[in-house]
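Only one structure is covered here, and it is reproduced in the block below.
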Amino acid sequence: MSTETTTDSPLSRRSLLLSGATAAATMTLAQSAQASSHGGHDHHKMHAGHGNSHAGHGYTPPNAQVQALIDGAMDCQKDGQACIEHCVQLLKGGDLSMGECLDRAQEMLVMCTAMGRLAGFQSAHLKKVVSLCIDICSDCKVACEKHADKHAECRACAKSCDACIKAAKAYLAA
């Protein structure tokens with residue numbers, strides 16, 4: 001005869017029930033604290049009657065030039081990431097000609113991420129960042145254009161950099 005040990009003992013059940021009750025109480029307290037930190041009002045219901053307007057909340061939506069910066073930065077991030085992954089694969093295969101392209105695309109990815117984030121909340125430092133982004137995107141575009149005939153990823157990255165540069169220059173000119 002074999003003896004089996006089960007975990008269905010009353011102590012285990014009590015521990016489980018106690019753990020569940022503790023978790024439920026913790027969640028209730030957390031929700032209560034969150035509600036009291038908002039003065040008891042529900043942000044989801046605040047938009048009733050005034051559409052999606054954020055008037056009175058201190059939020060100003062981005063103008064067309066800022067939105068173009070955000071869109072350009074996002075396109076560069078998407079195409080830059082694809083270019084980086086492609087460069088890494090080629091470098092793993094021994095194609096050392098992709099080193100500069102990889103370096104410039106990595107710099108561009110970091111810069112466009114920062115610019116897009118700063119544009120999103122309309123930072124006071126945005127113009128300085130945009131100016132630097134133009135230089136970094138220009139370097140990336142030049143590096144990617146060297147491979148654009150052979151690699152669609154490099155071609156797409158160069159095209160995104162060009163569009164981002166144009167959006168950045170339009171923003172600075174406005």
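Just so you know, all these numbers are worked out from the coordinates, no wet-lab data involved. Not measured: the values here are computed from a predicted model. With ideal geometry, Cβ positions are generated from the backbone for all residues, glycine too; neighbour counts draw on all protein chains shown.
Test of understanding: among V142, V129, which residue is within 30 Å of T60 (Cα to Cα), among the aliphatic types (A, V, I, L, M) and not in a loop (DSSP other than H, G, I, E, B)? Outline the logic, then answer.
Working: V142 fails: within 30 Å of T60 (Cα to Cα).
Result: V129 is the single residue among V142, V129 that is within 30 Å of T60 (Cα to Cα), among the aliphatic types (A, V, I, L, M) and not in a loop (DSSP other than H, G, I, E, B).
Taking the condition of a type in the set (A, V, I, L, M), under 16 Å from the mean Cα position of the chain (by Cα) and over 22 Å from P62 (Cβ atoms), does A105 pass? Before you say what the answer is, go through the steps one by one.
Working: of a type in the set (A, V, I, L, M): yes; under 16 Å from the mean Cα position of the chain (by Cα): no; over 22 Å from P62 (Cβ atoms): yes.
The answer is no for A105.
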